[in-house]
Amino acid sequence: MKKLILLICISFFFSCNQDKKDNDQPIANSEPVSNESLNRVEPPHWWVGMNNSNLQLLVHHENIGSYTPTISYAGVSIEKVHTAKSPNYLFIDLALDNASEGKFDIVFKNDQGDEKKHTYELKSREKSAEDYVGFNNTDVVYLITPDRFANANPENDLSEDLNEKTINRSDDYARHGGDIQGITEHLDYISDLGFTAIWSSPLLINDMHQGSYHGYAITDYYRVDPRFGTFEEYRTLADKGREKGIKLIMDQVANHCGLEHWWMKDLPFEDWLNYQKNYEDNIENWNWEVTKFSNHRRTSNQDTYASKVDKQDNTDGWFVDAMPDLNQRNPFMAKYIIQNSIWWIEALGLGGIRQDTYPYPDKDFMSDWAGAIMEEYPNFNIVGEEWSYNPLLIAYWQEGNNNKDGYDSNLRSTMDFAMQRNIVEALNEQESWDRGLVKMYEGLANDFAYVTPKDIMIFPDNHDMSRIYTQLKGDIPNTKAALSYLLTLPRTPQIYYGTEILMDDFDKPGDHGLIRTDFPGGWQGDAVNAFTGEGLADDKKDMQSYLKKVLNYRKTSDAIHDGKTVHFAPFMGTYFIYRVKGDETVVHIINKNTEPIEIDLKRHAEMGLEGKTLKNIVTGETMTWGDSIKLSERGSTILTTKL
């Protein structure tokens with residue numbers, strides 16, 4: 001009996017002590033939250049179960065720098081608190097170790113006993129990191145300028161709370177009213193054409209006084225521009241796109257923000273911006289004349305002979321006077337940009353990021369930025385804009401390239417401006433030994449410099465350059481040849497909206513406002529509707545049909561996605577390229593001859609097509625491969641053994 005009483009007492013003693021020990025720890029959801037908010041805490045929420053369990057909060061509120069924060073929530077601890085030069089900031093380093101989803105208060109107290117609270121939320125992840133699959137070479141990307149694509153909700157065209165208060169479709173540089181809902185409502189059109197990814201130029205708020213339509217002068221990195229729609233509509237676009245097999249690529253800008261960004265009125269540190277002192281010294285009379293601009297000498301990133309001043313002027317100079325250049329060497333800025341990118345991937349379920357002006361920010365930071373994203377999402381993808389016609393510079397930025405300086409970008413995809421120019425020159429020039437189609441042939445030979453050519457993004461044009469139809473002087477056969485050729489290459493293709501209906505900028509070639517013309521049918525009352533074909537000219541309908549057939553064939557072509565590439569030197573005004581995998585061979589032929597011509601195929605014997613039946617992807621006609629082929633029309637022909 002005594003032993004039994006002793007055991008009960010011992011058990012009660014340990015049980016009580018264990019309860020006391022448990023009660024000493026913060027308990028998730030143990031207390032109701034205040035639901036109070038400070039002026040700004042960013043990121044606005046986060047997720048549990050991330051690969052990187054560290055989180056840094058930017059807190060902005062009047063005199064918050066004199067307060068000390070505390071958190072009582074299981075699995076969340078404050079590792080360090082940083083003050084800034086401005087008294088209105090705190091940066092709080094958190095460790096999220098085995099934290100559970102839920103809300104908790106961050107309590108701020110100062111020496112006078114004043115208290116403020118901010119309710120913060122940790123959410124559960126909707127899917128595993130491995131399930132965030134990025135775009136790749138099996139995709140074709142449809143690039144959209146959203147203000148110019150479709151206006152589904154005219155009620156959000158203007159906002160009296162924002163600086164630019166007008167809308168004018170007759171002004172190429174004003175807002176026209178296109179929105180997120182306009183893209184969502186035309187997903188069927190995009191999918192039916194054969195596109196499997198959408199890259200929209202930035203949809204975050206640009207509260208600038210003019211030119212806000214293009215989206216590249218962001219004034220809040222966590223807010224959707226209300227003239228485009230809401231966060232919920234952005235998420236709907238991503239969700240409905242996924243249902244149709246379309247990935248959403250977000251256009252992000254790490255190099256600069258807009259001059260009206262909220263922090264420009266209260267910069268946290270002396271080095272938040274590049275050339276910040278120059279800005280602050282001239283703030284009352286800020287204009288282009290006092291701005292320290294980038295020298296745009298992007299080769300200084302690789303040039304072993306480049307002077308320090310050239311390197312600095314490229315990286316630190318401002319792009320334009322309305323876009324402050326961000327200093328990614330400031331560790332708080334660096335963390336802010338990285339976390340912002342991850343926040344949008346997780347919040348929207350993105351299928352990729354396109355990073356603007358890639359060679360302009362600090363290149364070591366860009367490696368860290370891409371590395372942090374790819375470490376969190378191993379199957380994701382990012383493409384960086386490097387506007388260079390030198391394949392060696394394009395190769396430098398691709399992950400795994402054997403750079404002499406040891407630099408590894410962690411960037412899987414770069415942009416192939418070099419091959420784009422080769423295609424245009426090849427089709428525009430008269431044939432000779434060193435001009436014309438040989439530009440394509442020798443341009444593609446540069447693939448030996450690339451780690452993975454298929455991950456490089458190729459395009460006929462984009463939102464910053466003349467429309468391909470304009471570049472090719474209004475020549476429809478050449479335009480078709482350019483499109484079909486790049487869609488056959490070992491590349492990841494991107495096509496700008498309106499290319500499928502021969503949109504042009506002949507009136508003012510190269511003018512950005514005109515390049516980004518409204519898509520016909522995107523506005524109520526449009527006389528022409530390219531979505532339905534109503535009122536659309538026959539040549540535009542024909543191009544639409546042509547591109548649809550090529551895109552939809554490419555969508556299921558193993559040879560184009562992952563096949564061997566073989567091409568033959570241009571001969572008699574023709575150029576043949578083959579893609580081969582297993583039983584599927586795709587033959588792409590460009591013919592620049594204006595009269596019918598017969599080409600001897602004996603030198604193509606290594607391709608093993610003798611006696612085989614091939615089908616024309618566009619016309620559906622079949623032929624038997626023999627000793628020669630007769631080409632009766634100028635332009636391109638695409639043949640396949642897949643019948």
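Contact map, the stretch 120-147: residues that are more than 30 Å from Gly75 (Cα to Cα) and among the aromatic types (Phe, Trp, Tyr) paired with residues that are open to solvent by less than 10 Å² (accessible area, probe 1.4 Å) and part of a loop (DSSP other than H, G, I, E, B), Cβ distance under 8 Å, separation 6+ or inter-chain. Pairs shown: Phe135/Gly351; Phe135/Asn381; Tyr142/Phe195; Tyr142/Tyr497. If I filter the stretch 181-189 for residues that are open to solvent by 60 Å² or more (accessible area, probe 1.4 Å), over 14 Å from Thr145 (Cα atoms) and assigned to a loop (DSSP other than H, G, I, E, B), do I get at least one hit? The answer is yes, given that some residue of the stretch 181-189 is open to solvent by 60 Å² or more (accessible area, probe 1.4 Å), over 14 Å from Thr145 (Cα atoms) and assigned to a loop (DSSP other than H, G, I, E, B). Residues that are touching a Phe, Trp or Tyr at 6+ places or on another chain (Cβ under 7 Å) and of a type in the set (Lys, Arg) within the stretch 604-643 comprise just one, Lys612. Between Asp271, Asp266, the distinction of being closer than 19 Å to Tyr360 by Cβ and acidic (Asp, Glu) belongs to Asp271 only.
Please find, within the stretch 412-449, the residue that is most open to solvent (accessible area, probe 1.4 Å) out of those that are under 21 Å from the mean Cα position of the chain (by Cα) and within 29 Å of Tyr377 (Cα to Cα).
Going through the qualifying residues, I end up with Arg412.
Residues in the stretch 71-81 that are surrounded by 15 or more Cβ atoms within 10 Å (Cβ to Cβ) and within 15 Å of Leu58 (Cα to Cα): Ile78, Val81. Would you check if Ala482 is without any contact (Cβ under 8 Å) to a residue 24 or more places away in the chain and among the aliphatic types (A, V, I, L, M)? For Ala482, the condition - without any contact (Cβ under 8 Å) to a residue 24 or more places away in the chain and among the aliphatic types (A, V, I, L, M) - is not met.
If you go through the stretch 559-577, how many residues are in a strand (DSSP E or B) and open to solvent by 30 Å² or more (accessible area, probe 1.4 Å)?
Step one: of the stretch 559-577, the residues in a strand (DSSP E or B) are 564-571, 574-577.
Narrowing the set further to residues that are open to solvent by 30 Å² or more (accessible area, probe 1.4 Å) leaves 564-565, 567, 569-571.
Total meeting the criteria: 6.
Being of a type outside the set (Gly, Ala, Ser), open to solvent by 20 Å² or more (accessible area, probe 1.4 Å) and either under 19 Å from Gly229 (Cβ atoms) or not in a loop (DSSP other than H, G, I, E, B) (or both) is a property that Glu164 lacks. Restricting attention to the stretch 450-464, the residues that are open to solvent by 10 Å² or more (accessible area, probe 1.4 Å), assigned to a loop (DSSP other than H, G, I, E, B) and either out of contact with any helix residue (DSSP H, G or I) (no Cβ under 6 Å at 6 or more places or on another chain) or over 30 Å from Ile353 (Cα atoms) (or both) add up to 3. Since Glu595 meets every condition but one in (1) under 33 Å from the mean Cα position of the chain (by Cα); (2) without any contact (Cβ under 8 Å) to a residue 24 or more places away in the chain, which condition does it not meet? If we test Glu595 against (1) under 33 Å from the mean Cα position of the chain (by Cα); (2) without any contact (Cβ under 8 Å) to a residue 24 or more places away in the chain, just (1) comes out false.
Residue-by-condition table, conditions (1) outside any strand (DSSP E or B); (2) under 22 Å from Tyr213 (Cβ atoms); (3) in contact (Cβ under 8 Å) with a residue 40 or more places away in the chain:
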site	(1), (2), (3)
Glu260	yes, yes, yes
Glu270	yes, no, yes
Lys277	yes, no, no
Glu280	yes, no, no
Glu289	yes, no, no
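Among the residues in the stretch 148-161, are any of a type in the set (Lys, Arg), loosely packed, with under 14 Cβ neighbours inside 10 Å and either under 30 Å from Tyr73 (Cβ atoms) or under 21 Å from the mean Cα position of the chain (by Cα) (or both)? No. Scanning the stretch 421-449 for residues that are free of Cβ contacts under 8 Å to residues at least 24 places away in the same chain and part of a loop (DSSP other than H, G, I, E, B) gives Glu429, Gln430, Trp433, Asp434. Look at (1) touching a residue at least 12 places away in the same chain (Cβ under 8 Å); (2) of a type in the set (Gly, Ala, Ser); (3) out of contact with any strand residue (DSSP E or B) (no Cβ under 8 Å at 6 or more places or on another chain); (4) over 21 Å from Asp171 (Cα atoms) and you find that Ala537 fails only one, number (1).
The values are calculated or read from the model by the stated rules, or taken from the named source; none is laboratory data. The shown structure was predicted, so the numbers you read here are calculated from the model rather than taken from an experiment. All Cβ positions, glycine included, derive from the backbone under ideal geometry; neighbour counts span all protein chains shown. For accessibility, only protein heavy atoms count, side chains too; no ligands or nucleic acids. Shrake-Rupley method; radii C 1.70, N 1.55, O 1.52, S 1.80 Å.
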